[in-house]
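Have a look at the structure below before the remarks.
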Amino acid sequence: MQRRNVILGLAALSLGAARAQAHSYKVGDIEIGHAWALPSEGEEAQAFCPLFNSGSAPDELIAARSSVCTRIELRRNNAYDGPPLSSFVLDPGRPLAMRPTARHFRLMGLKEPLPLDQRFTVILEFRNAGEAEVAFHVEKTPGE
């Protein structure tokens, strides 16, 4: 029995280390996966991070802000598709994916271009879970 507990403890530690390497976060019932942004030479960029609500009640991502830009819009696709969304709804047990040409953050009024390998923080605000400060990594594809 003692050996089983040691093995389970080591497995939990290795999972924790893998989570830390993957740049994942948790605030309340909301799990935030690897956060990344595309490089940009202009005043706008796209950023992404998968979200998952592990709770039993819905939540919403209602705002995002960062010191690297003047504002962040919540968008449903790559095209200029009308006004930004007011929130991303996070239903319990359903992942919310983000990727280029689909749901994403549009960083507007960048103060400087976003070169490859730069890191910057974004504060994500959830209606119920509160706020999380998340580090984004500039890369061409996630995990690069």
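The values are calculated or read from the model by the stated rules, or taken from the named source; none is laboratory data. Nothing here was measured: the structure is a model prediction, and the numbers come from that model. Here the Cβ is made from the backbone with ideal geometry for all residues, glycine too, and neighbour counts use every protein chain on show.
Worth a mention:
- Per-region count, segment 114-126, residues in a loop (DSSP other than H, G, I, E, B) and either loosely packed, with under 14 Cβ neighbours inside 10 Å or among the aliphatic types (A, V, I, L, M) (or both): 3
- Evaluation of Glu41 against the conditions (1) surrounded by fewer than 15 Cβ atoms within 10 Å (Cβ to Cβ); (2) among the acidic types (Asp, Glu); (3) at pLDDT 95 or above shows that the sole unmet condition is (3).
- Residue match in segment 107-123 (condition: without any contact (Cβ under 8 Å) to a residue 40 or more places away in the chain and of a type in the set (A, V, I, L, M)): no
- Ile62 vs. criteria in contact with a strand residue (DSSP E or B) (Cβ under 6 Å, 6 or more places away or on another chain) and within 15 Å of Ala45 (Cα to Cα): no
- Considering residues of segment 80-102 that are in a loop (DSSP other than H, G, I, E, B) and in contact with a Phe, Trp or Tyr (Cβ under 7 Å, 6 or more places away or on another chain) only, the residue surrounded by the most Cβ atoms within 10 Å (Cβ to Cβ): Met98
- The set of residues in segment 94-113 being over 16 Å from Ala63 (Cβ atoms) and under 17 Å from the mean Cα position of the chain (by Cα) consists of Arg94, Pro95, Ala97, Arg99, Pro100, Thr101, Ala102.
- Cross-chain or 6+ apart pairs with Cβ under 8 Å, segment 81-93 first and under 18 Å from Leu124 (Cβ atoms) and modelled with pLDDT under 95, then assigned to a strand (DSSP E or B) and among the hydrophobic types (A, V, I, L, M, F, W, C): Pro84/Leu74; Leu85/Leu74
- Complete set of residues in segment 103-113 that are touching a Lys or Arg at 6+ places or on another chain (Cβ under 7 Å), crowded, with 16+ Cβ neighbours inside 10 Å and more than 14 Å from Leu51 (Cα to Cα): Arg106
- Note on segment 16-30: residues that are modelled with pLDDT of 50 or more and either at negative phi or loosely packed, with under 10 Cβ neighbours inside 10 Å (or both) amount to 6.
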